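**Q** Sending over a structure as structure tokens; questions will come in a sec.
A short reminder: the numbers here are calculations on the coordinates, not readings from a lab. Computed from a predicted structure; not experimentally measured. Using ideal geometry, Cβ is built from the backbone for each residue, glycine included, and neighbour counts are taken over all protein chains shown.
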Amino acid sequence: MAKKPFRVGMIGYGFMGRAHSNAYRKVGNFFDLEHEVVLQAVCARSEANAKAFADKWGYASVETDWRKLVERKDIDAIDICVPNNLHKEISIACAKAGKAVLCEKPLAMNVAEGEEMCEAIEKAGVPNMVWYNYRRVPAVTFIKQLIEEGRFGRIFHYRANFLQDWTISEDLPQGGTALWRLDAAAAGSGVTGDLLAHCIDTALWLNGSIADVNAMTETFIKERKHTLTGKVEKVGIDDACAFLCHFQNGSLGLFESTRYARGHKALYTLEINGERASAKWDLHDLHRLQWFDYKDEGKLRGWRSIHVSDHSGEQPYTDKWWVPGLQIGYEHSFVHQVADFLAGYAKGESVGPTFRDALETQRVCDAVLASAASKQWQKV
Ligand code: NAI
Ligand code: SOE
């Protein structure tokens, strides 16, 4: 049967532009879907760069103004792969134009923006999703299944870290094309919105709502040259952040993120300790789930390392790929996210994380920053 087209217009062609384009190109080869992705247009401010990207990845056309892209009648969905300060305006324009929206994380610069975005998206009733992709690493999705099967019993602790080391040099400027993450005006916040937001999204999904937080942040390098103005300017982002929290289910949370952990490039780890079992996961070994089950008895009780690559259909996503025992990686989490989005789209449903789900993550991020500023516990 002929597939229906799902015509994508993508804005931004950087890191995520590439990761998403790769996912769009692969998804139809590995998942059985009603829709076929058509790479209809890519938008970038430089026409030459947009054309070069379009040629490389197979986009049919280019635009240099995202407003024109959003208004095009031959596009079903807009994919927002630009810095955080542009997410709100583009999403709201998409909602008004009746387009499905796939928006990169974090949803917004702050909760106020996120609320406006949710209102517009929900009023328009357009399918929507935010790219918190780590939920769809099979070993992480597997933890969700194990929680739903009741294998942990009561959960006592949730712990997560996201560690990097790329901003330690004082000479690194802020702002501009590659360094917008260091500029509060483009990023909204530092590691809280960029890295902890991933940990928070996964935590809310696995362990439920967070009631309150107590945080500390630090900006180790207080001034940096701004690429756009050429002047040395105050740094407005958090370089590091750690927080404690209470989850609504009574468990305790402990989160840490920094760009000053020498030696770590993108070390996202999480651990859950329950009454009957514990689980650990590590992005640098992403196909493995570390699992401890208290019901294993005697001298063989201990941590198991499960290679999540089974083809029984009981482990999430893995049977869609190669053969048992051969692992997949980072890029596949995006393929899974598109596959799930399209399965929902065919039924007229949005799959999580929706804009509304991502607003909850934003609420936690804002509460974390408010707590760090006030040095007080902050309700979410
Ligand atoms: P990047 O700096 O690699 O690319 C940003 C792109 O936006 C560039 O192509 C730039 O030319 C374009 N751009 C900026 N202003 C524009 C405008 N007015 N019109 C059209 N294009 C414009 O950034 P990256 O890493 O791709 O990040 C983009 C978004 O994706 C951010 O929101 C970021 O937080 C998120 N992200 C998410 C990740 C994930 O794990 N889900 C990983 C990396 C980034
Ligand atoms: C920052 O270096 C970054 O690319 C984040 O923006 C992403 O969201 C994270 O997945 C990896 O690190």
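**Q** Mind checking which of P83, P324, P173 has the largest fluctuation in a GNM of the chain, springs on alpha carbons under 10 Å?
**A** For the chain, modelled as a Gaussian network with Cα springs under 10 Å, the answer is P324.
**Q** Could you tell me the ratio Rg/Rh of the chain? Both radii from Cα atoms, Rh via Kirkwood.
**A** With Rh from the inverse mean 1/r over Cα pairs, Rg/Rh is 0.97.
**Q** Which helices of the chain meet both criteria: a Cα extent of 30 Å or more along the helical axis and a mean Kyte-Doolittle score no lower than 1.0, with helices taken as whole DSSP H segments?
**A** Helices meeting the criterion: none.
**Q** Quick check: Cα centre of the stretch 1-43 to Cα centre of the stretch 326-380, how many Å?
**A** Comparing the Cα centres of the stretch 1-43 and the stretch 326-380, I get a distance of 20 Å.
**Q** Sum up the charges of everything whose Cβ sits under 13 Å from the Cβ of F31, counting Lys and Arg as +1 and Asp and Glu as -1, but leave F31 out.
**A** Combined, the nearby Lys, Arg, Asp and Glu give 0.
**Q** What whole-number value in cubic angstrom gives the convex hull volume per residue for the C-alpha atoms of the stretch 4-133?
**A** Enclosed volume per residue, from the Cα hull, is 99 Å³.
**Q** May I pose another question? Picking from L228, L196, L254, which is most flexible by a Gaussian network model of the chain using Cα springs under 10 Å?
**A** L228
**Q** Given the options K347, K299, K222, which has the most mean-square fluctuation in a GNM of the chain, springs set between C-alpha atoms less than 10 angstrom apart?
**A** Evaluated over the chain, the most mobile residue of the options is K299.
**Q** Helix-derived [θ] at 222 nm for the chain: sum -39500 (n - 2.57) over DSSP H runs of at least 4, divide by residue count, nearest 500?
**A** Computed ellipticity for the chain at 222 nm equals -10000 deg cm²/dmol.
**Q** Output the antiparallel fraction of DSSP beta bridges having both residues in the chain, as a percent to the nearest 5.
**A** Among the beta bridges of the chain, antiparallel pairing accounts for roughly 60 percent.
**Q** Just tell me which lysines come within less than 27 Å, Cα to Cα, of K320; anything on the same chain fewer than 8 places away is out.
**A** K3, K4, K26, K56, K105, K144, K280, K347
**Q** OK, next. Could you work out the local net charge near Q290, counting Lys and Arg as +1, Asp and Glu as -1, over the other residues with Cβ closer than 12 Å to its Cβ?
**A** -1
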